[in-house]
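Data first, discussion second: the structure below is written as structure tokens.
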Amino acid sequence: MAWRYCLMIEPAASDDPRSDFSDTFAVVDATAPALSVGELSTQRGDGIFESIGVVDGHPQEVTAHVERLAHSAALCDLPAPHAEQWRQAVAHAAAQCGAGEHVIRLILSRGVEHGPAPTAWLTAAVAPDYATARERGIRVVTLDRGYDSAAPDRAPWLLLGAKTLSYAVNMAAIREAKRRDADDAVFVSSDGVVLEGPTSSVLLRFGDRFVTPAPGAGILHGTTQLSVFEHVRERGFETAYENVEASALRTADAVWLVSSVRLAAPVVAIDGAPVAVDLALTADLNRYLLSPRD
């Protein structure tokens, strides 16, 4: 993904009363160096981020993403981001995106080591083409995440519910999935509970019920999953957060991995075995997810 636009942000205090933050933004060359060698985001992955889908210049679910950025900041002991400042930065970048699908990424790091303030910036790029994944589906493998479902409560310092820049494990999981002739992975706890994908939420349909794993197991609460739940409830489905046993992945009427940029990708095989697919409902979900949503 080639970043085409970059906006450096001078972080404002969360209680800053101003209504216009334009003088806190600085456009920089997205192809040129912009960070110090002492920047902790690159040295240690010490920071947080969000990825926002943009459709024809409209940024999707901005409020939910900014709220999740603040949640991650609290978990990581970072200063609380000023919600209005970030919303204005997103609007500024989205205005540069134009037609088609793009992705805006928000990054807040601890800054330069021993420095006085965090570092914040935003980037925008053309989104990858996910048409095939949405229309034909993806093959996934289940991977043991290496801890049981109670680990987040015992060890909150693992930051399992935060969207941090420390994504090496997530990327390694996707590479392992490809080595196993699959497209993506679903993490499962060591006691057999479904968690999430490396970059996505897991949704399952059982008849007229949509289910997603309960966030209490250290799962990142998905913004796209929240939107899907709102949509399917309007269509008459029930929705629930539950502990999902790994075996349920193979008995569900349909399974999707959903995320802000790829949107709803139907799962067509799990660990090499074909599973039920609902392409008509998938098309409906993606039409909804491509419509303007705040």
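The table below gives the values:
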| quantity | calculated |
| --- | --- |
| A214, sole failed condition from (1) more than 18 Å from E67 (Cβ to Cβ); (2) modelled with pLDDT of 95 or more | (2) |
| Test set (1) surrounded by fewer than 22 Cβ atoms within 10 Å (Cβ to Cβ); (2) in the same structural domain as A73 (by TED's automatic domain parsing) - L122 fails condition number | (1) |
| Failed item in (1) assigned to a strand (DSSP E or B); (2) surrounded by 14 or more Cβ atoms within 10 Å (Cβ to Cβ); (3) of a type outside the set (G, A, S), with V27 passing the rest | (2) |
| Counted residues, the stretch 29-66 - those being over 16 Å from L108 (Cβ atoms), of a type in the set (V, I, T) and at pLDDT 95 or above | 3 |
| Matching option when the condition is under 30 Å from A89 (Cα atoms) and among the basic types (K, R), among R179, R175, R134 | R134 |
| The stretch 81-106, residues that are aliphatic (A, V, I, L, M) and either touching a Ser or Thr at 6+ places or on another chain (Cβ under 6 Å) or surrounded by fewer than 21 Cβ atoms within 10 Å (Cβ to Cβ) (or both) | A83, A91, A95, A99, V103 |
| The one condition in (1) farther than 27 Å from E50 by Cα; (2) in contact (Cβ under 8 Å) with a residue 60 or more places away in the chain that P266 fails to fulfil | (1) |
| Failed condition for P116, given (1) closer than 25 Å to A74 by Cα; (2) surrounded by 14 or more Cβ atoms within 10 Å (Cβ to Cβ) | (2) |
| Contacts under 7 angstrom Cβ, first residue in the stretch 1-16 being in contact (Cβ under 8 Å) with a residue 12 or more places away in the chain, partner polar (S, T, N, Q) and assigned to a loop (DSSP other than H, G, I, E, B), 6 or more apart | Y5/Q96 |
| Cβ pairs under 6 Å, 6+ apart, first in the stretch 110-136 and free of Cβ contacts under 8 Å to residues at least 40 places away in the same chain, second in a loop (DSSP other than H, G, I, E, B) and surrounded by fewer than 21 Cβ atoms within 10 Å (Cβ to Cβ) | none |
| Residue count, the stretch 157-185 (criterion: over 13 Å from L220 (Cβ atoms), touching a Leu at 6+ places or on another chain (Cβ under 6 Å) and surrounded by fewer than 18 Cβ atoms within 10 Å (Cβ to Cβ)) | 0 |
| Pairs with Cβ under 6 Å, 6+ apart, first in the stretch 82-94 and within 16 Å of D294 (Cβ to Cβ) and at pLDDT 95 or above, second outside any helix (DSSP H, G or I) and polar (S, T, N, Q) | none |
| Given (1) among the small types (G, A, S); (2) outside any strand (DSSP E or B); (3) at negative phi, number of the condition G146 does not satisfy | (3) |
| Matching entry among S41, S51, S36, S19 (being among the polar types (S, T, N, Q), surrounded by 12 or more Cβ atoms within 10 Å (Cβ to Cβ) and in a loop (DSSP other than H, G, I, E, B)) | S36 |
| Residue match in the stretch 267-289 (condition: in a helix (DSSP H, G or I), touching a Ser or Thr at 6+ places or on another chain (Cβ under 9 Å) and under 20 Å from H65 (Cβ atoms)) | yes |
| Qualifying residue in the stretch 221-234 (condition: part of a loop (DSSP other than H, G, I, E, B) and at positive phi) | no |
| Hits in the stretch 244-266 (condition: surrounded by fewer than 18 Cβ atoms within 10 Å (Cβ to Cβ) and farther than 18 Å from L143 by Cβ) | T251, D253 |
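The values are calculated or read from the model by the stated rules, or taken from the named source; none is laboratory data. Given the structure is predicted, the values throughout are model-derived calculations rather than measurements. So basically every Cβ, Gly included, is an ideal-geometry build from the backbone, and we count neighbours across all protein chains shown.
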